[in-house]
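Q: The structure's right below; bear with me while I get my questions together.
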Amino acid sequence: MGAKRVMHMKKILAVAAVAVVVALSWAVYQRGKRLKEAPFVKVARETVVSAVTTNGRVEPLEWAAVSAERAGVLERVHVERGSKVQRGDLLAEVDRAAARAEVEAAEARVAQARTELEVISAGGPAAELAEIQGELSRLAIELEAA
């Protein structure tokens with residue numbers, strides 16, 4: 001058994017010797033290589049600009065319902081799509097011609113009603129008075145006949 005042990009030790013020493021020779025050869029080879037120099041620049045502070053082009057959809061943080069007090073044709077628009085607005089800002093103007101015509105018609109109806117009221121307050125037209133008096137006379141006759 002001693003011979004086997006000696007043989008085993010010789011194998012281990014041979015492997016170790018080969019490993020040492022390989023390691024030394026590698027070290028000598030690496031030492032012979034020169035390191036490459038890296039280019040360098042002086043550091044300077046700059047602004048980095050980056051742009052990304054992509055597809056997408058932009059939505060507002062908050063939606064707001066917008067409505068007009070009356071319908072009509074827009075005469076003037078004071079904002080553009082995407083503009084920031086505040087509550088109460090004038091966004092557009094509706095054509096005032098139709099509104100003016102409605103106001104004038106309403107004023108004419110009011111004047112006519114006032115005239116009719118004055119006529120009735122003064123006793124009414126003669127034809128109406130005669131008609132009412134005739135009706136009263138007829139009813140009085142019917143009452144007596146009953």
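Q: Computed FRET efficiency, Cβ-Cβ of Thr115 and Val73, R0 30 Å: what is it to the nearest 0.05?
A: The computed FRET efficiency comes out at 0.30.
Q: Packing-wise, with mean Cβ within 10 Å as the measure, how do 70-78, 42-50 rank, highest first?
A: Highest mean packing first, the order is 70-78, 42-50.
Q: In nm, to one decimal, how far is the Met9 label point from the Ala108 one, both placed 7 Å along Cα→Cβ?
A: Placing both labels 7 Å beyond Cα along the Cβ direction yields 13.4 nm.
Q: Ranked highest first by average number of other Cβ atoms within 10 Å, how do 20-26, 55-61 line up?
A: 20-26, 55-61
Q: How much length would be gained if the chain were fully extended between Glu128 and Ala65, taking 0.36 nm per residue of separation minus their Cα-Cα distance, in nm to one decimal?
A: Gain on extension, Glu128 to Ala65, equals 17.2 nm.
Q: Answer rounded, prolate or oblate for the range 1-123, using the Cα gyration tensor with square roots of eigenvalues a ≥ b ≥ c: rounded when a/c is under 1.5, else prolate when a/b is larger than b/c, else oblate.
A: prolate
Q: OK, next. Could you give the nm distance between label points at Glu37 and Ala16, where each point is 7 Å from its Cα heading toward the beta carbon?
A: Simple spin-label model gives 4.5 nm for this pair.
Where a number appears in this text, it was derived from the coordinates with a stated rule and is not lab data. Because the structure is predicted, anything quoted here is derived from the model rather than measured. Every residue, glycine as well, gets a Cβ built from its backbone with ideal geometry; the counts of neighbours run over all protein chains shown.
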